[in-house]
Structures are given as structure tokens and as C-alpha cells.
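Just so it is clear, none of the values below were taken in a lab; they were calculated from the coordinates. From a predicted model like this one, the values you see are computed outputs, not experimental measurements. Every residue, glycine among them, receives a Cβ derived from its backbone with ideal geometry; neighbour counts consider all protein chains shown.
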Amino acid sequence: MVLKLHGLSVSTNTARVVACLHEKDVEFELVLVDLFACGNKEPSFLAKNPFGQIPVLEDGGITLFESRAISSYVAEKFKESGTDLIRHESLEEAALVKVWTEVESQQYHPAICPIIYEFFGKPVQGLEPDQAVIDANLVKLEKVLDVYETKLSSTKYLAGDFYSLADLHHFPYTFYFMKTPWGSLINDRPHVKAWWEDITSRPALNKVAEGMTFGENQ
Ligand code: GS8
């Protein structure tokens with residue numbers, strides 16, 4: 001049975017899961033949820049995710065929400081196909097992948113998410129971006145990126161010399177961030193820049209990027 005992913009291709013959190021499905025060569029059906037028509041607040045959707053957010057994955061008898069948990073499930077279930085994203089043959093490498101997936105969620109995301117919301121999300125809702133919020137989070141993001149610059153000067157990717165789920169999880173928000181006026185935060189750090197260029201040359205991620213057109217008409 002084909003996996004069903006409820007979401008939108010422009011959505012960052014949907015794109016995180018789609019990236020993982022492409023890396024694993026897993027066939028899936030994207031079921032569109034119209035956020036603008038509040039499709040995510042309908043009882044049939046709330047039955048799948050009581051928090052009313054995309055993405056949601058349905059795989060046979062199991063229904064999952066939270067994009068990082070979904071991608072971990074996909075990477076684990078299909079560990080034998082496509083790119084090995086979780087280094088399942090090495091306890092140490094697998095642990096490092098978990099460390100850096102946590103870093104994305106606990107350090108990187110809290111800084112980058114408000115910037116993306118202010119810059120792309122608010123105008124779509126007819127609201128004015130708050131530059132003070134953007135500035136405060138750019139400072140936070142710079143500090144995280146300084147750590148990344150040091151780390152990536154000793155290993156090619158975040159968890160080691162291998163591409164993993166940890167790198168992949170950074171893709172959607174960084175992709176939109178590079179369309180803001182502050183892409184120099186990435187480009188001015190040579191190791192971070194090389195890492196980003198390497199990741200974005202991956203066919204699986206290029207495929208995801210095709211659908212990430214949010215804010216293109218701004
Ligand atoms: C966040 C999902 C989310 O914010 C995850 O899956 O990683 N921590 C969750 N989804 C947004 C769309 S942006 O991708 C969403 O569904 N927003 C609508 C709403 O909150 O009403």
C-alpha cells in the first residue's frame with residue numbers, strides 16, 4: 001500500500017518529509033490539505049493530528065504527525081533502500097546522527113523559524129513583518145552557525161563524514177532562508193557554505209525544491 005502524506009509541497013515541514021521519502025526512493029501519494037480554506041481544522045483532519053498541523057503520514061494502520069518523527073520512521077522502516085540516513089550499522093554514528101538532529105530541532109530551528117515566519121508568513125496573512133524579531137533571531141542564528149562553522153571544518157557533514165538525516169532536516173528552512181536578504185550568514189562562513197552547496201546539489205533535495213515556491217511572488 002502506497003504511503004499517504006497529507007500536506008503541501010510549499011510547506012517547510014511537509015518538505016522535510018518529502019525530502020526523506022525521495023532520499024529513500026519510497027513511493028507516496030501527496031494528499032493536499034488546503035490551509036487557506038482551513039482544511040487542517042476539519043474534524044477528519046483533526047482525527048489524524050489533533051493539533052491541526054501538516055504534515056501527517058498514513059502508512060497502513062499507523063498515522064503519524066510531527067515531521068521529524070515521521071522522517072525518522074521513514075528512514076528506519078526503509079533503512080535498506082536509498083540513502084542510509086541513520087547509519088544503522090554503527091551504534092556510534094547512529095548516536096551522532098541523533099545528536100545533530102536534536103541540534104537542528106533545539107538550536108537551529110528556534111532561531112531560523114521566526115525569521116521565515118516574519119519574512120514570508122506574515123505578508124501572506126496581510127501582516128507587517130516585525131524587524132526587531134528578525135534582528136534578534138539573526139543574532140541567535142549567527143551564534144548557532146558559528147558552532148556549525150567550527151564543526152564543519154573538521155567533518156564534511158554535521159554528524160560526521162557522511163550525509164544523514166541531521167543534514168536533511170536543515171534543508172527546508174535554510175532553503176527559504178537563502179531567499180531572504182540575509183543569506184550571507186551562510187555564504188560568509190566557508191565551511192557552512194560548502195556544506196549547503198553540497199546538500200543542495202543532491203537530486204532528492206532538488207526535486208523537493210521544485211515545489212517550494214512560497215513567497216516567490218513577493
Ligand atoms: C510543525 C508543523 C507545522 O507548523 C512539524 O511537523 O514539524 N512541529 C511540527 N505545520 C504548519 C505548516 S508549515 O509546515 C501548519 O500546519 N500550520 C497550520 C496551523 O498551525 O494552523
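Computed quantities for the displayed model
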item	result
Compactness of the chain as Cα Rg over 2.2 N^0.38 Å, two decimals	1.01
Derived scalar couplings ³J(HN,Hα) [the range 150-155; Karplus, 6.51 cos²θ - 1.76 cosθ + 1.60; whole Hz; x for Gly, Pro]	5, 4, 6, 7, 10, 9
Long-range amide H partners of VAL31 with built H, under 5 Å	LEU5, HIS6, GLY7
Protection-proxy order for peptides 155-161, 38-44, each taking the mean of Cβ atoms within 10 Å per residue, highest first	155-161, 38-44
C-alpha center-to-center spacing [the range 1-32, the range 48-100] in angstrom	12
Full-stretch length increase - LYS79, LEU91 - with 0.36 nm per residue and alpha-carbon distance subtracted	2.9 nm
Distance violations [Cα-Cα > 19 Å] among LYS48/LYS79; LYS156/LYS193; LYS41/LYS179; LYS122/LYS179; LYS24/LYS179; LYS24/LYS207	LYS48/LYS79; LYS41/LYS179; LYS24/LYS179
Label-to-label distance, nm, for residues given as LYS140 and PHE51 (7 Å Cα→Cβ offset)	1.6
Label-point separation, GLU210 to MET1 (7 Å along Cα→Cβ), nm	2.8
Residue-averaged [θ]222 nm for the chain, counting only DSSP H segments that reach four residues, each worth -39500 (n - 2.57)	-14500 deg cm²/dmol
Vicinal HN-Hα couplings computed from phi for the range 110-125 (Karplus, 6.51 cos²θ - 1.76 cosθ + 1.60; Hz; Gly/Pro x)	x, 8, 7, 4, x, 5, 5, 5, 4, 6, 9, x, 5, x, 4, 8
In nm, spacing of pseudo-spin labels at VAL147 and VAL31 (7 Å Cα→C-beta vector)	3.7
Cα-derived Rg to Rh of the range 26-150, Kirkwood definition	1.03
